[in-house]
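Only the coordinates and a few stated rules stand behind these numbers; no lab work does. The model shown is predicted, which means the values in this text are computed figures rather than measured ones. No Cβ is skipped: glycine too gets one built from the backbone with ideal geometry, and neighbour counts run over all protein chains shown.
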Amino acid sequence: MTEETAAQDTATLARTIETDIYRGTLAPGMWLKQIDLEERYGCTRIALRHALEALQSRKLVQRVRNRGYYVPSMDDALVRDIMDARAKVETSIAEELVANVTDGMLARLSYLATIFADTVKTGTIREQDEANHAFHRELLKACHNQVIIEIIWDLRWRIPISVQRANNTPARMDRSAHEHFEMVEALRLKDAERLREVTARHVTLKDRGA
């Protein structure tokens, strides 16, 4: 195995573990026993160690000497900080999104906004999350700065679904669905200021009904 292949395998394993943390399979506060993870992911101890080190560098897991790794809990202050960081980054690209969005993208975004609204009414949490991500992936196609896109997704994945849902009442989920349509309309009108305002509200949960 070459160094490049090993690095790719480590990145893939780290991403798989990150997905399980995000979805709550590996829940906040859970200790990560290496032997269990090796069996779960079918990986070697060395590959697992490298993957956990990569996740530790991003604060997705923490290590206690002589005890191992665990998934850290998230307090309200940390969640607010992550959301605030997301809002700052995502609102900073409003002009670029408005400039680059195409009619085809607008049609696709309208369709995906409808799909998300439908899943809010009748879908599972997993379906809602996937529909929400599909909308935002399409939205970010209008951003040509791949580094910013990576930062946005890194921040989005920092807050597990279980933590997000603890703060999302049915009224808030309905509001999120409505905000997707507001974003599409702002893009259609080429109104960057309106897009910034809706995005900030959407990300930080401000001005939503309880």
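First check a/c for region 21-93, with a ≥ b ≥ c the square roots of the eigenvalues of its C-alpha gyration tensor; if it is under 1.5, answer rounded, and if not, answer prolate when a/b is larger than b/c or oblate otherwise.
Here region 21-93 falls in the prolate category.
Counting only Cα, what are the radius of gyration and maximum Cα-Cα distance Dmax of region 76-204, in Å?
13.8, 40
Could you state the number of Å between the C-alpha centres of region 34-71 and region 74-153?
A separation of 29 Å, based on Cα centres.
Stretched out fully, how many nm does the piece from residue 9 to residue 189 gain, at 0.36 nm a residue minus the Cα gap?
60.4 nm
I want the local charge near residue 160. Using Cβ-Cβ distances under 12 Å, sum +1 for each Lys or Arg and -1 for each Asp or Glu among the other residues. Display every interim value, and only then the final one.
Numbers: positive: 23, 156, 158, 165; negative: 18, 20, 129.
After counting each charged neighbour, the total is +1.
Quick check: pseudo-label points 7 Å beyond the Cα along Cα→Cβ at residue 204 and residue 62, how many nm apart are they?
2.7 nm
Which residues among region 164-204 fall inside the zone where the amide N is under 12 Å from a point 7 Å beyond the Cα of residue 95, along Cα→Cβ?
Within reach of a label on residue 95: 192-193.
Straight-line reach only, C-alpha to C-alpha below 25 angstrom: list the lysines that residue 33 could link to, leaving out same-chain residues fewer than 8 apart.
59
Using only DSSP helix segments of four residues or longer, with each worth -39500 (n - 2.57), what per-residue ellipticity at 222 nm results for the chain after dividing by its residue count and rounding to 500?
-23000 deg cm²/dmol
Quick check: net charge around residue 43, other residues with Cβ under 15 Å of its Cβ, Lys/Arg +1 and Asp/Glu -1? Write out the running numbers ahead of the final one.
Values: positive: 15, 33, 40, 45, 49; negative: 9, 18, 20, 36, 38, 39, 53.
It works out to a net charge of -2.
Excluding residue 121 itself, what net charge comes from residues whose Cβ is under 13 Å from its Cβ, given Lys and Arg +1 and Asp and Glu -1?
That sum, taken over residues with Cβ under 13 Å, equals -3.
Taking the dipole about the Cα centre of the chain, with the C-beta of Lys and Arg at +1 and of Asp and Glu at -1, give me whichever of 139, 98, 189 is farthest to the positive side.
Of the candidates, 139 comes out farthest on the positive side.
Within the chain, which whole H helices from DSSP have a Cα span along their axis of at least 24 Å and a mean Kyte-Doolittle hydropathy of -0.5 or more, if any?
What comes out of the filter, once short or polar helices are dropped, is 103-122.
Which trypsin sites (Lys or Arg not before Pro) does region 63-124 hold that lie in a coil by DSSP with at most 10 other beta carbons within 10 Å?
Answer in residue order: 65, 67.
Tell me the relative contact order for region 1-123 as a rounded percent, counting alpha carbon contacts under 8 Å between residues six or more apart.
23 percent
Using the Cα centre of the chain as the reference point, and only Cβ charges (+1 on K/R, -1 on D/E), how large is the resulting charge dipole? Debye, rounded to the nearest 20.
The calculated dipole for the chain is roughly 600 debye.
Label-point separation (nm) for residue 126 and residue 147, each offset 7 Å from Cα along Cα-to-Cβ?
So the label points at residue 126 and residue 147 sit 3.7 nm apart.
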